[in-house]
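The values are calculated or read from the model by the stated rules, or taken from the named source; none is laboratory data. The shown structure was predicted, so the numbers you read here are calculated from the model rather than taken from an experiment. Cβ placement follows ideal geometry from the backbone for every residue including glycine, while neighbour counts extend to all protein chains displayed.
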Amino acid sequence: MQKLELPDGLHIRPSRPSDKVFLEQLFHSTRNDLQLIDGEQDFIESIIEMQFRAQTQGYGDQFPNAMYFIIEKHHEAIGKATLDFGSNEVRLIDLALLPKARGLGFGQAVIQSFQMAAAQVGAPMVLTVEQGNIGAKQLYLRLGFQTESINPPYELMSWYPQTHRVIAGI
């Protein structure tokens, strides 16, 4: 088995119940759209909290065997990843980084480590991305993902390990 070297100080660990406050803060940092709601700040915060609970429950309902990870840089939580190792695929359900950790290559390194895991079990890796999330789509394309189907506002993208081993060094 090969091991992907993550950038200095980057580490992925299983999520723990004590991560709840961080996960709420992270979710809040990713929902700039909800900050635009016309209303009192308490009302906006209640909507964001409700959306966080709905997302958490939705992932649990749709992917009961999902694995939840915290991404750390020098032992400080900077993001999260949710994966489901299904019988036919490895699904990247969610990946989110704090604003200060975006654009530094951490997301790419984490995805590549998950691609390596998928390659080791011989399974494709799949994910959905919002069509308007151009930065994420460009990253996924650079990492060898291809669009399989479009169901607005999302695209289903897949990566097949057998076709990208040489390119990715896997």
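A compact table of results
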{"read-out": "Qualifying residue in the range 52-60 (condition: exposed (fewer than 11 other Cβ atoms within 10 Å of the Cβ), free of Cβ contacts under 8 Å to residues at least 40 places away in the same chain, closer than 27 Å to Pro17 by Cα and of a type in the set (A, V, I, L, M))", "value": "yes"}
{"read-out": "Selection within the range 66-94 - in contact (Cβ under 8 Å) with a residue 60 or more places away in the chain and of a type outside the set (D, E, K, R)", "value": "Ile71, His74, His75, Ala81"}
{"read-out": "Identity of the residue in the range 1-19, of a type in the set (D, E, K, R) and either in a loop (DSSP other than H, G, I, E, B) or loosely packed, with under 12 Cβ neighbours inside 10 Å (or both), that ends up modelled with the highest pLDDT", "value": "Arg16"}
{"read-out": "Residues that are touching an Asp or Glu at 6+ places or on another chain (Cβ under 9 Å) and polar (S, T, N, Q), drawn from the range 29-58", "value": "Gln55"}
{"read-out": "Tabulated pairs, the range 20-49, first in contact (Cβ under 8 Å) with a residue 60 or more places away in the chain and assigned to a helix (DSSP H, G or I), second surrounded by fewer than 16 Cβ atoms within 10 Å (Cβ to Cβ) and not polar (S, T, N, Q), C-beta under 7 angstrom, 6+ apart or interchain", "value": "Ser29/Pro99"}
{"read-out": "Restricting the range 105-143 to residues that are assigned to a helix (DSSP H, G or I) and in contact (Cβ under 8 Å) with a residue 60 or more places away in the chain, the residue that is surrounded by the fewest Cβ atoms within 10 Å (Cβ to Cβ)", "value": "Gln120"}
{"read-out": "Check on Phe52, closer than 21 Å to Gly105 by Cα, assigned to a helix (DSSP H, G or I) and touching a helix residue (DSSP H, G or I) at 6+ places or on another chain (Cβ under 7 Å)", "value": "no"}
